[in-house]
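The structure appears right after this line, and notes come after that.
The values are calculated or read from the model by the stated rules, or taken from the named source; none is laboratory data. Bear in mind that the values here come from a model prediction, so they are computed numbers and not experimental data. Positions of Cβ are backbone-derived with ideal geometry, glycine not excepted, and every protein chain shown enters the neighbour counts. These area figures cover heavy atoms from the full protein model, side chains too; ligands, DNA and RNA do not enter into them. Shrake-Rupley method; radii C 1.70, N 1.55, O 1.52, S 1.80 Å.
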Amino acid sequence: TASPFAGSLLFEYVATYMYEDDTPAAERRATALSLDRDLLRELLGQDELRDLIDAQALETLEADLQGLSERAKARGADGLHDLLRRLGDLTVAEAADRLVEPDRAQELLQALRDERRSTLIRLRGEQRWIAAEDTGRYRDGLGVMPPAGLPDAFLEPVPDALRSLVTRYARTHGPFTPQQVAERFDIAPHVALAELSFLEEAGTLVRGEIRPGGSGREWCDAEVLRRLRRASLAAARKEVEPVEPAALGRFLPAWHRIDRQHQTPGVDALREVITPLQGLALPAAQWEHEVFPRRIGGYSPTWIDALAGAGELVWVGAGAMGRDGGRVALYFREDAALLGPPPSDPPPDGHLATPVRDALAGGAGFWDEILDAVAAAPEEVFATLWSLVWAGEVTNDLWMPLRAPRKLPKPRSSPSRFGRRTARGGGAAHGAIAGRWSRTERLFARAPTGDERLRAQAELLLERHGVVTRSAVLGDGVPGGFAGVYRPLAELETLGRCRRGYFLAGLGGAQFALPGAVERLRDLRDADADPVTLVLGAADPAQPFGAAVPWPRRGIARGPSRTFGAQVVLIDGAPVLYMERGGKSLLTLREPGADWCQLAVAALANWVMDGRGRRVAIERIDGATVFGSSLEPVLLGAGFFSGLRGMELRGER
């Protein structure tokens, strides 16, 4: 039995072995590159570094070794002479590439020749310049005839001349093949292979699969490989560093598939969209006017009607928002009990609340059945019914009541016995009372254990956000907050379902993420060369500002908020413009600038024109009148026109 100390090491090794494939690529590369080269060879069987070496680090190192980088280029004749001694033979064109003043290459080489510091040889049918000190080495190693007039000290016999040339070639190059050496020095491939094998046995060279994207095995100087591994390790550790919160503005819309055309739009696509958004409370109109259309091109209201009418999808009220509407949470019927009800208004205590509850105690009922069971005026029963809806106690098997106005038509008297439906408040055909009403307690009757529900909520948060932070959980209004789901998230990490780390700077040290989300977030660390402009609902779950990330502040008295109907213009994930609900006011979230202003206003104008029946009349910008502001000419250029009160634009009807 292992000792306690050895047992802990053994457990850590087993855990690492079991879950290493779940680790993001940057962490895996950093861990592997931090190992000693001999230990790495023992683990891998050979130096299989192709997937560990950073391609950009290799390119930078090779440029430095070859004197091609700006910091390594030569200045003047002395610098060029040093390059010839360090690199070996160069053509005029190759020398020009390594000079700060490339036009002076021929002049400087000739000046070095006049000073007996360089000489001209012929190799592979082309003229190359070498340092005068290397004349004997090229004569003995490659059979090059030296020019006349050189000092005898430069013509002394050089032992192992070819081997020294190959060694210098390796010191000044990245991973290479024997064919490249043979072509450079115009020697037979088997001769080059023999020299490389000798240097490998001596420990000067290392052979393995090293170059990213290459094939076969290459040779590399041991010191060059050490430098390459250090540079790759630094690049991998930089990737592991947390990204700035602005990257979340690029990541979340992509994670939610905003504006991506689904291959097969329809009911199946809607199921895919709703799955990670279950239990999230949003205004009913926002689901249909913002959330679904932005994720599914050509969204049709008949899709959600089909899911609700088939009993597959259910909705639960999560709080009223004034007289005309409220928030609702969506669930698939089979998941409702596991996820639990959303936070909602307190249970109503009016005198009709209990009779309405009793009327639905035996099962679902239509409006007329509820009205018959509750002896009261239709208006009072209607108001009580909807107060129970926003308290999360009552739901409907159709989506139609959420679209209809929250009022009954005025009753009319009729001499006909069949006029009862208009006299009693519209009948079952009226939208606000259509369908069957039922109590939601049946949805949540199969109450799972607390651990099961918390585990389900944790998994759902990971699917919804990709990277779960404390502020994201608070923004979703999850009962119990971040502390409530921290333990199940930690358990999911133990199972390898997610990773814990510090992925987003400034958003708390404890963050959990899906491995694929971490990779995508890091890929979006830097903004694109071509700015990506996006108009997104301020309260959309894919819009992180005001929830997971605070809004940028510019000293404006009344800042932006996550309000349904308000719109945010994002440029490369950063919010730059906020349009309040109703379109009468704009807030600039960045210091005015010609570039971003034109992009943001143009995107806002396109959003208005693409929406059927949309109308915007901007009256104020940052609290001041729009007329005379810096954005007025930009708005005019984007298609807005001056109206009586502000800058107006209307979409197509």
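Please list W386, W607 in order of solvent-accessible area, largest first, computed with a 1.4 Å probe with all protein chains present.
On the way: W386 10, W607 50 Å².
Descending accessible area places them as W607, W386.
Order the peptides 56-67, 532-543 from the highest to the lowest mean number of other Cβ atoms within 10 Å of their residues.
Working: 56-67: 17.6, 532-543: 21.2.
Result, highest mean Cβ count within 10 Å first: 532-543, 56-67.
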Where a ≥ b ≥ c are root eigenvalues of the Cα gyration tensor, a/c under 1.5 meaning rounded, otherwise prolate if a/b exceeds b/c and oblate otherwise, the stretch 238-328 counts as oblate
Return the sequence-ordered ³J(HN,Hα) values of the stretch 162-176 in whole Hz as given by the Karplus equation 6.51 cos²θ - 1.76 cosθ + 1.60 applied to θ = phi - 60°, using x for Gly and Pro.
5, 5, 5, 5, 5, 4, 5, 4, 5, 5, 10, 9, x, x, 9
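Based on the alpha-carbon gyration tensor of the stretch 555-653 and its eigenvalue square roots a ≥ b ≥ c, which shape applies: rounded if a/c is under 1.5, prolate if not and a/b is larger than b/c, or oblate?
On the way: a/c = 1.28, a/b = 1.19, b/c = 1.07.
Rounded shape, in that the Cα axes give a/c under 1.5.
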Please name whichever of G546, Y169, L504 sits farthest to the positive end of the charge dipole of the chain, dipole taken about the Cα centre and charges placed at Cβ: Lys and Arg +1, Asp and Glu -1.
G546
With every protein chain in place, the accessible area of R446 for a 1.4 Å probe, in Å² rounded to the nearest 10, comes to 150
Expected field for M400, accessible surface area in Å² at 1.4 Å probe radius, rounded to 10, holds 80
Nearest-20 debye value, the chain charge dipole, Cβ charges on Lys, Arg, Asp, Glu:
2740
So how do T275, T384 rank on accessible area, 1.4 Å probe, biggest first, that is with the largest at the start?
T275, T384
Starting from the residue with the highest accessible area, list D97, D349, D595 in decreasing order, probe 1.4 Å.
D349, D595, D97
Between the stretch 386-406 and the stretch 438-480, the alpha-carbon center distance in angstrom
22
Express in Å², to the nearest 10, the accessible area of E519 obtained by rolling a 1.4 Å probe over the protein heavy atoms while all chains stay in place.
60
Tell me the carbon and sulfur percent of the accessible area for the stretch 560-653, rounded to whole percent, probe radius 1.4 Å.
49
[x] 44.3; [y] 37.3; [z] 32.5: which one is mean projected area of the Cα convex hull in nm² as calculated from this entry?
[x]
Using Cα centres only, tell me the gap between the stretch 307-333 and the stretch 237-301 in whole Å.
19
For T91, placing the label point 7 angstrom along Cα-to-beta-carbon and taking the stretch 115-145, residues whose amide nitrogen sits under 17 Å are 120-130
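Using the beta-carbon distance between A445 and S642 and R0 = 51 Å, what value does 1/(1 + (r/R0)^6) give for FRET efficiency, to the nearest 0.05? Walk me through the intermediate numbers first.
On the way: r = 60 Å, r/R0 = 1.18.
Efficiency for this residue pair is about 0.25.
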